[in-house]
Amino acid sequence: MRNFLLFLAHITGLLKFYRYLNRKNITIILLHGVVNPEKPKVYEPLRSQLSLEDFHSSLDLIAEYYNFISMDHAIRIIKGEEKWQPYSVVLTFDDGYRNNLTEAAPILQKMNIPLTIYLTTGLITRREPMWVDRMDYSFKRLTSPNLTFQLSNHILSLSGKTLEQKATSFKQFRNQAKRIACNDYEFQFFMQETNKELEQLAKARLADIWEKDDFSVLLNADEVRAFKSATYGSHTVNHSRISLLDSAEVLEELKNSKQEVEAWTENQCHHFAYPDGRHDRKSQSLVAEAGYLSAVTADEGLNQPGCNPYTLKRISFPIVHSKHDLLARMCGFSVLLSRTKARTLAKVSNIRP
């Protein structure tokens, strides 16, 4: 039904009109990593990967209809310091994976597309994988696991015989865990202990092969220093969800990560990305207090000139399935459809006997 509605909107001109209505709004795209399937892989993760081919083909189509600008430029427009530029889009990467520079950057440089990378500075300094990558690696290697874990009075499970079942279980585990509103340092400790248990059971650790793995390895400080063409922002020290920490802990994460990025780049670190997109009014205020000029969320949508620069919306990178599907995502029409569907279903459920 969704594809039919998008096709109908495309052929009737509605999609083009909606895109025109939103021409002043800035689209910010969220990515994590890009992989080259032609390169030998150390391992194949359970989680889906964005291929270099899909990345390139989507960028080609976006570039036909949109103008790529830097995050600095976008913030100046949002604050009214520069005139708006129609059909503007910003490309951002969270976490700081090495493939952002080895795979994505060469394409972006050829296309003259500005690149923004939000760095998780503590993991980079300690040379420590993201917890989600550690878990992906060890859990996949278990034979027919059926495991349960407890986080803040909530029971989480990991199970599956086939790779498809494991991938589904792992996704459910991640989604459920992220919804639990406990102190984030408690959350991080839980993930550390869970990963240790899985690694012992699997007799395999991502850390042993991490530096050779294009999918999961993070940039190091020398690579950040050497690549001057990107705009680097902060993603906290420990990938901490700052809305689930107290104010002192939040400021420590914000200020220390900012200082680390500035030391590596010898430039001011103006931009921040909320880990897992979680934010509230307190965290927004503390981001501003720490000296950042902007903060991006994972809330889906576009950004109007004059909007709050500490609650910037983003869309996930749109892979080309069709031209009208990609353009619908870019201009916010897909968000409109999703919200209309949700409101309709809510009304229907309310009138049922």
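No lab work stands behind these numbers, since they all come straight from the coordinates. It should be emphasised that the depicted structure is a prediction, and the values quoted were computed from it without experimental measurement. Please note: Cβ atoms are built from the backbone with ideal geometry, for glycine as well, and neighbour counts cover all protein chains shown.
Observations on the model:
- Cβ-to-Cβ counts within 10 Å put His10, His279 in ascending order as His10, His279, the fewest first.
- With an a/c value of 1.5 or above and a/b not larger than b/c for the gyration tensor axes a ≥ b ≥ c computed over the alpha-carbon atoms, the range 134-210 is described as oblate.
- Cross-link table Lys83/Lys323; Lys79/Lys323; Lys39/Lys166; Lys258/Lys313, entries beyond 23 Å C-alpha to C-alpha: Lys83/Lys323; Lys79/Lys323; Lys39/Lys166
- Each Lys and Arg adds +1 at its Cβ and each Asp and Glu adds -1 at its Cβ; summed about the Cα centre, the range 55-110 shows a dipole of about 140 debye.
- MRE, 222 nm, helices only [DSSP H, n ≥ 4, -39500 (n - 2.57), over the chain, to nearest 500]: -14000 deg cm²/dmol
- Residue-wise HN-Hα coupling along the range 67-79, computed from phi with Karplus coefficients 6.51, -1.76, 1.60 (Hz; x: Gly, Pro): 10, 7, 10, 7, 5, 4, 4, 4, 5, 5, 5, 4, 7
- Based on Cα contacts under 8 Å between residues 6+ apart, the range 134-210 shows a relative contact order of 41 percent.
- Over the range 1-142, relative contact order from alpha-carbon pairs under 8 Å, at least 6 apart, %: 29
- In percent, rounded to a whole number, the relative contact order of the chain is 23, using alpha-carbon pairs under 8 Å and six or more apart.
- Top positive-direction residue, dipole computed over the chain with Cβ charges, set Pro114, Gly13, Ser138: Gly13
- Cα gyration tensor, the chain - rounded (a/c under 1.5), prolate or oblate: rounded
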